[in-house]
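These notes concern the structure reproduced below.
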Amino acid sequence: MNRNILWASVIVLMQVFRLTIDLHQINTLATPDVSTKKELNLYNKESLSLARLTRESCLESDSNRTTYYNLYGSEIKHTTEGNNNNILLLTHSRNCDRCLDKGYYLVNPGIDLLDSIRKAYRESDRLQREYFFATGHDGWISAVISGDREYIPAGLIAGVRNQLKERNDSILLAVHTHPLMKDEFDQVLRPGNAFPSGADTIKKLGRFEFILGYVYDAPRMQPNSVMNTGPSGSYRPLIGIYSGSEMIDTISLSDFEKLVWKLNNRNNRGSR
Ligand SMILES: [Zn+2]
């Protein structure tokens, strides 16, 4: 009799155990796909939340500060408020008053922003059309979407605006590409520049905008070389920063990447 009860208990336990495993598998399957989640990620939260988690475990007296950088990555000033925030002012100048007044800055720009910029450049040149995405005031990043050959249709912009709205956010920074238009032999027919077209300046989509374009670097002539034998020039990715009809500044993609990496490394280092 006792033995029967024992066996019954064992069988019940085994079934409960199996059910737990099944439930675990269901939970694992129900986890949202990371790649789709990333499309709508906070551009600052990933790096910041990591920094915050580790910072709480160690006592640092100077972790409450906000540091202001310009586009050279130079520290312009800092205040003793905030939660180790990095404010990237969108100017190469050391005078940050104008940028602060007008709100031309990014708070804690993160690696997700770089990923979206790189994706927009890559897809834009591959498919020879303009690409668009936007980031919100709260740091949400929209998906990177394909526009037309020469413009971003208004309906697509409205869609992005709605994506942010669903998260109670609105456009701070709108980004679109000016691709290198090439022929079938991969020769550049029409380079996209980093400056707003007439149409770009008509309507403000966010507080400021980035154009992902290019600048032409002329070939460097060797002192003794004969004309036409040197290497041809090349197109280098250049980001134009503007707001309406006001051109704010430009920065090369590689400098912008170094800058964002620098700010994020600073956060992680400070947290250890
Ligand atoms: Zn444009």
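Each value in this text was obtained by applying a stated rule to the coordinates, not by laboratory testing. Remember, it's a predicted structure, so these values are computed and weren't measured experimentally. When we count neighbours, we look across all protein chains shown, and the Cβ atoms used for this are built from the backbone with ideal geometry, even at glycine.
Things to note:
- Cleavage-rule hits (trypsin sites (Lys or Arg not before Pro)) in segment 112-209: DSSP loop, at most 11 neighbouring Cβ within 10 angstrom: Arg149, Lys203
- Entries in Lys77/Lys165; Lys203/Lys262; Lys119/Lys262; Lys182/Lys262; Lys77/Lys119 that, when Cα-Cα distance is taken, lie over 31 Å: Lys77/Lys165; Lys203/Lys262; Lys182/Lys262; Lys77/Lys119
- A DSSP coil position with no more than 13 other Cβ atoms inside 10 Å describes the following chymotrypsin sites (Phe, Trp or Tyr not before Pro) in segment 151-211: Phe185.
- Extending 7 Å from Cα along the Cβ direction at Asp148 and again at Arg167 yields two label points whose distance is 2.9 nm.
- When the GluC sites (Glu not before Pro) in segment 89-195 are filtered for DSSP coil states and for at most 11 other beta-carbon atoms within 10 Å of their beta-carbon, the remaining sites are Glu166, Glu184.
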